[in-house]
Amino acid sequence: MTTGDRIEVRGASVGVVHSNGLSERIDGGHYEMRDAMGRTIIRRQAKNSDRPRLLRMIE
């Protein structure tokens, strides 16, 4: 099944851009979600569950 999401993994950093333009990124121990216009919706310390959740989108 194709979701249209774009996923990028570079070392410890993981980023996903969803087909609707929403993006999620983990970098430097922080989680950030932005809307399609690039506005920050959430910025917080990354949880242990964030990275595995984003990486599951690769499968």
Check: For the chain, which strands (runs of 3 or more DSSP E) that fit wholly inside it have 2 or more residues that are charged (D, E, K, R)?
Finding: 6-10, 23-27, 30-34, 40-45
Note to self: Against the conditions (1) surrounded by 12 or more Cβ atoms within 10 Å (Cβ to Cβ); (2) at pLDDT 95 or above, where does THR40 fall short? Just the number, please.
What the structure shows: (1)
Next item on the list: Hey, could you check segment 43-59 for residues that are within 11 Å of the chain's Cα centre (by Cα) and in contact (Cβ under 8 Å) with a residue 24 or more places away in the chain and say which is surrounded by the most Cβ atoms within 10 Å (Cβ to Cβ)?
Entry: LEU54
Notebook entry, point to check: When segment 4-37 is examined, which residues are found to be at pLDDT below 95 and of a type in the set (Ser, Thr, Tyr)?
Noted result: SER19
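The values are calculated or read from the model by the stated rules, or taken from the named source; none is laboratory data. All values derive from a computational prediction rather than experimental measurement. Note: ideal-geometry Cβ built from the backbone for every residue, glycine included; neighbour counts use all protein chains shown.
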